[in-house]
Every structure is written in C-alpha cells, then in structure tokens.
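Undergrad: My questions all concern the structure below.
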Amino acid sequence: MGACYIFAIPSFAQAEAPKNFIQKSGISGTIRSCYFSKLYGAAAENNMDAYALAGILNVKTAPFLGGFILGASFFTTNDLGTHGNNPKHVDTTLMGIASSINALGQVYIQYVRPHRLLIRIGNQMINTPWMGPRDSRMLPQTFQGIFARFTPVSGLNLEAMRIFRWKSRTSGDYYKDNLYYDTNYYNDPLYDVTAVLPKNAGEFQGTLAFGATYKARNANVQAWYYNFYQFAQLFYGSAAYTLKTGAEFFPFAAVQYMREWQVNSVFQKYDAKLFGQSGDVSATLWGGKVGVKIPGGKLFVAYNALTPHAGSFGGGAIISPYGNYKATYSSFITDNLLAFGPGHAWRVAASYRLCQRQIILMVGYVHFNTNYEGKTHGVYLDMTYVPKVLKGFTVRDQVAIDNGLQAYAGRSFIYNRMMLQYAF
C-alpha cells in the first residue's frame, strides 16, 4: 500500500502548477472538549466521570493525474490530568484509561470520477449501518482497507469494501481485533468491550461488505451484506418513505430487517458464552418507525424486536464486532438491543428547532423488555446550541435517566454527556 504514495508524490509538479495545487488543497478539522458522568443509584456500582480535550486535523490534496487525491488525518486527545488515581471511577468509554492518545487516524490515496466512481485505499473513515465511526466520543473509529463506490445512475450507489484492521475509539494504532476481544489484546488499549474470547484467541481477519442504497425524492432504500470473517454473516435492509402532502406536515414511515448467521464461528471454537448462552450465531431483528415532519422538527414512534433463538450464541444476540447499534430504530444513548440481547423495545421521540434554529431540542422515552437483562425504561433530553455568530461552534448536552435494569440493581442510572466542538 505504501508504494501507492511513493509513486504518486513525484507527479505533483507534472499534474498542476505548484501554486494552483496548493490553493486547491484543503485543511480542515475539529476541536472538541467533553465531560461525561455516570451516576448509579445502586450502592454496589461506582460512579464514573471523565474529561478530555481532543483535536482532529485533516489534510487533503487537490486532484492530480486526472482524479487522484491524497488525504491524512491526525487525531489527538488528552485528559489534562483529570483521570485521577482510581480507574474504577473513570468512564473509560470516553478515551480509555491512558492520559493521551495520538494517532494517524487516516492516511489514504483516493481516485474519484465525479458523480460516478470513488476508490479509496488506506486508513480511512467508513460510514455504513453496521460499520461506522461511532463518533460520539473524543475520536472516531477508523478502518484499514479498500473501499469503492460506484454510481451507475443518479440516486443509486453501489458500495464494496474489504477491511483488514481497525482503530477503535480508544486505540492509537490499527489492530486485528474487535470489541469481543479483551482489553490489551496484542497491546491494544481497547475499552468499552464485551470480552467473551480468551486472551489466546486468533486474530480477527477483518470484514468483507457489499451494499446498495437508492434515494429518490420521497423514498430511501438500502440493502447490505457483511461477512465478519469467522464471527458472523449479516444481511440488513431498510426502506423509508415520506409522503409529500403539499402542506407543512409530512408523514413518514420506515421498516428494517436484519438476519445474522454463522456455523462453526469463533465463539464455538473457544466455547464462548454471552448471557450464559452458547452455540451457532443466529439473530433476527425487525422494526418499524412512523412519524410526522413539521416545520422545524419531527415526532415519531419506533419499535424493534430481536427474536430469541434457543441453542445459539447469546440466545439470539446481535453480533456487531465494531459496536454499531444506531441502525436500530429504538436505540438511544444508554439502552440498545445489542447490549441487552433478545427482547423488544419501543421508543417515542420528538425534535424541534428554536430561537431562529440556533437551538435543537430532542426529547424521548424508551421501554425495553428483554429475556436476559429484564425490563427497563428511561427518558432523555438532548439539547444542541449552534450560534450564528460563531460559525462551526456547537454546544451539546445529553442527559438520560434509566430505571429498573437488573445490572443497576433496579435503581436509577443518570448519564450526562457535555460536548463543546469547533469545526473549521
């Protein structure tokens, strides 16, 4: 892969005059400051918090040789000495337990034919329903491999990728593991894991994925196939439609379906269990969402069911090696069926823009009834301030109050996430 960069760089002067090339190249980035806190009503649980300051600097060259582009991103985050001496009181989902992380998060070469073809090779950000950046903490997760997108007709995208390694949100380098491996597997400071594999488990061989998305004026349809090698194969499809009424109110509806399977998976090889259940991978998820868009906001109700499968790993649990769960309609910041396993959930939520669209307010209620984690319900408030006087600056505060989950001894759990971000 490195040879691609070596051969391309000497061609810059031939492709464009140096002044033109520099002017058309670009630098962008973000600076963010986050404070997270978890307060548990159960005395057996440790309250946690974490603070960090992070920056991402992106550099992208102008096109050369008819469509080639080089890109790179430097990631850095630091706790500024706020973690303290007791790791049990640190919210390790924010940036792990290290005092700092520095990483070359992206380094890639890309070939683009506008509105037709994109091929990218290297360390890169990818965004699909079950593989994505999960960029709700300090640093996004990124992937090492090959990505291609072809647009045969307007509105239709065909995508394919082969991923070999990844960098998690708490890692400073790329590794051949995932979120089912233990922290410090091959020295990867991997946090926020569901560690079910032994420390001597074989390396993860990556992912092959294909997808098709189609967007028309009122409809949005997609279908995906993922092969998480030796872990699970996954099919996912969704369809959404918005009815243009000619008035200011637009009803919409969406449906989704996911099926996962794998015989002789890595979980069976190491006799791994989740929720005390072992066996073949077999998971079935379906769901729906209906709502209405109004001037400045929307209101919707969503439902998901994850079918139990007796004799399977996790009793029918979703296998998501990279941790993505937001594709499910009923998920929110503390609760999701990926974490809870088989059961069903429903969610009602509303969002609205206030004060000349400078304030985005979201409120919601969720209820979960699961086979292994019991019942829980919660409310959440999400408020974002986007001032017009300072372009690129946002302030966001999220508060979730969860009640009744067995893991919290039936007591309340309060999660607060405050983020300040400036994008340039």
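Undergrad: Select from the stretch 178-221 the residues that are touching a Phe, Trp or Tyr at 6+ places or on another chain (Cβ under 7 Å), open to solvent by 50 Å² or more (accessible area, probe 1.4 Å) and of a type in the set (S, T, N, Q) and write down the one among them that is modelled with the lowest pLDDT.
TA: Across the stretch 178-221, the extreme among qualifying residues is Thr194.
Undergrad: Can you pull out every residue in the stretch 21-48 that is closer than 20 Å to Pro140 by Cα and either among the aromatic types (Phe, Trp, Tyr) or open to solvent by 60 Å² or more (accessible area, probe 1.4 Å) (or both)?
TA: Residues satisfying the conditions are Ile27, Ile31, Tyr35, Phe36.
Undergrad: Here's something else I'd like to know. Looking at the stretch 265-284, can you tell me whether even one residue there is open to solvent by 60 Å² or more (accessible area, probe 1.4 Å), at pLDDT 95 or above, among the hydrophobic types (A, V, I, L, M, F, W, C) and out of contact with any helix residue (DSSP H, G or I) (no Cβ under 7 Å at 6 or more places or on another chain)?
TA: So far as the stretch 265-284 goes, no, none of its residues is open to solvent by 60 Å² or more (accessible area, probe 1.4 Å), at pLDDT 95 or above, among the hydrophobic types (A, V, I, L, M, F, W, C) and out of contact with any helix residue (DSSP H, G or I) (no Cβ under 7 Å at 6 or more places or on another chain).
Undergrad: Condition (residue is in contact with a strand residue (DSSP E or B) (Cβ under 8 Å, 6 or more places away or on another chain), over 26 Å from Gly41 (Cβ atoms) and at pLDDT 95 or above) applied to the stretch 397-419: is it met by at least one residue?
TA: Looking for residues that are in contact with a strand residue (DSSP E or B) (Cβ under 8 Å, 6 or more places away or on another chain), over 26 Å from Gly41 (Cβ atoms) and at pLDDT 95 or above, one finds none in the stretch 397-419, hence no.
Undergrad: Taking the conditions exactly as written (under 19 Å from Val348 (Cβ atoms), buried (at least 20 other Cβ atoms within 10 Å of the Cβ) and among the hydrophobic types (A, V, I, L, M, F, W, C)), does Ala302 satisfy them or not? Please lay out each step first, then the result.
TA: Details: under 19 Å from Val348 (Cβ atoms): yes; buried (at least 20 other Cβ atoms within 10 Å of the Cβ): yes; among the hydrophobic types (A, V, I, L, M, F, W, C): yes.
Yes, satisfied.
Undergrad: Answer yes or no as to whether Tyr236 is out of contact with any Asp or Glu (no Cβ under 8 Å at 6 or more places or on another chain), at pLDDT below 95 and open to solvent by less than 50 Å² (accessible area, probe 1.4 Å).
TA: Numbers: out of contact with any Asp or Glu (no Cβ under 8 Å at 6 or more places or on another chain): yes; at pLDDT below 95: no; open to solvent by less than 50 Å² (accessible area, probe 1.4 Å): yes.
Answer is no for this residue.
Undergrad: Any residue at all in the stretch 22-30 that is within 30 Å of Arg120 (Cβ to Cβ), in a helix (DSSP H, G or I) and either modelled with pLDDT of 95 or more or of a type outside the set (D, E, K, R) (or both)?
TA: Keep residues of the stretch 22-30 that are within 30 Å of Arg120 (Cβ to Cβ), which gives 22-30.
If we keep only those that are in a helix (DSSP H, G or I) too, we end up with 22-24.
Now restrict to residues that are either modelled with pLDDT of 95 or more or of a type outside the set (D, E, K, R) (or both): 22-23.
Within the stretch 22-30, one or more residues are within 30 Å of Arg120 (Cβ to Cβ), in a helix (DSSP H, G or I) and either modelled with pLDDT of 95 or more or of a type outside the set (D, E, K, R) (or both).
Undergrad: Within the stretch 49-99, how many residues are open to solvent by less than 50 Å² (accessible area, probe 1.4 Å) and either under 18 Å from Arg134 (Cβ atoms) or not in a loop (DSSP other than H, G, I, E, B) (or both)? Show your work before the answer.
TA: Taking the stretch 49-99 first, the residues open to solvent by less than 50 Å² (accessible area, probe 1.4 Å) are 50, 52, 54-56, 58, 61-62, 64, 67, 69-73, 75-77, 79, 83, 90-96, 98.
Still in the list and also either under 18 Å from Arg134 (Cβ atoms) or not in a loop (DSSP other than H, G, I, E, B) (or both): 50, 52, 54-56, 58, 64, 69-73, 75-77, 90-96.
Residues in the stretch 49-99 being open to solvent by less than 50 Å² (accessible area, probe 1.4 Å) and either under 18 Å from Arg134 (Cβ atoms) or not in a loop (DSSP other than H, G, I, E, B) (or both): 22 in total.
Undergrad: Then there's this: On the given criteria, is Ile97 at negative phi and in contact with a Pro (Cβ under 8 Å, 6 or more places away or on another chain)? Don't jump to the end; show me each part of the working.
TA: Working: at negative phi: yes; in contact with a Pro (Cβ under 8 Å, 6 or more places away or on another chain): yes.
Yes; evaluated as a whole, the condition is true for this residue.
Undergrad: Is there a residue being open to solvent by less than 30 Å² (accessible area, probe 1.4 Å) and out of contact with any strand residue (DSSP E or B) (no Cβ under 6 Å at 6 or more places or on another chain) anywhere in the stretch 289-297?
TA: Here is the first cut: in the stretch 289-297, the ones open to solvent by less than 30 Å² (accessible area, probe 1.4 Å) are 291, 296-297.
Next cut, out of contact with any strand residue (DSSP E or B) (no Cβ under 6 Å at 6 or more places or on another chain) only: none.
Within the stretch 289-297, not a single residue is open to solvent by less than 30 Å² (accessible area, probe 1.4 Å) and out of contact with any strand residue (DSSP E or B) (no Cβ under 6 Å at 6 or more places or on another chain).
Undergrad: Would you mind stating whether Asn264 is over 18 Å from the mean Cα position of the chain (by Cα), part of a loop (DSSP other than H, G, I, E, B) and of a type in the set (S, T, N, Q)? Steps first, answer last, please.
TA: Details: over 18 Å from the mean Cα position of the chain (by Cα): yes; part of a loop (DSSP other than H, G, I, E, B): yes; of a type in the set (S, T, N, Q): yes.
In short, yes.
Undergrad: Another question, if that's okay. With the requirement that a residue be open to solvent by 10 Å² or more (accessible area, probe 1.4 Å), within 22 Å of Ile31 (Cβ to Cβ) and in a strand (DSSP E or B), what does the stretch 119-162 give you?
TA: Matches in the stretch 119-162: Asn123 only.
Undergrad: To continue, here is another question. Tell me, which strands (runs of 3 or more DSSP E) wholly within the stretch 318-424 include 1 or more residues that are in contact with a helix residue (DSSP H, G or I) (Cβ under 9 Å, 6 or more places away or on another chain), open to solvent by less than 50 Å² (accessible area, probe 1.4 Å) and closer than 15 Å to Ala302 by Cβ? Don't jump to the end; show me each part of the working.
TA: Values: elements: 343-354, 359-370, 374-385, 393-403, 413-423.
Once the strands (runs of 3 or more DSSP E) in the stretch 318-424 are filtered for at least 1 residues that are in contact with a helix residue (DSSP H, G or I) (Cβ under 9 Å, 6 or more places away or on another chain), open to solvent by less than 50 Å² (accessible area, probe 1.4 Å) and closer than 15 Å to Ala302 by Cβ, what remains is 343-354, 359-370.
Undergrad: Another question, then. Give Arg165, Arg169 a once-over and let me know the one that is crowded, with 20+ Cβ neighbours inside 10 Å and of a type in the set (D, E, K, R).
TA: On the way: Arg165 fails: crowded, with 20+ Cβ neighbours inside 10 Å.
So the residue among Arg165, Arg169 that is crowded, with 20+ Cβ neighbours inside 10 Å and of a type in the set (D, E, K, R) is Arg169.
The values are calculated or read from the model by the stated rules, or taken from the named source; none is laboratory data. In this text, all values refer to a predicted model and were calculated from it rather than measured experimentally. Positions of Cβ are backbone-derived with ideal geometry, glycine not excepted, and every protein chain shown enters the neighbour counts. Remember, those area values only see protein heavy atoms, side chains included, never the ligands or the DNA or RNA. Shrake-Rupley method; radii C 1.70, N 1.55, O 1.52, S 1.80 Å.
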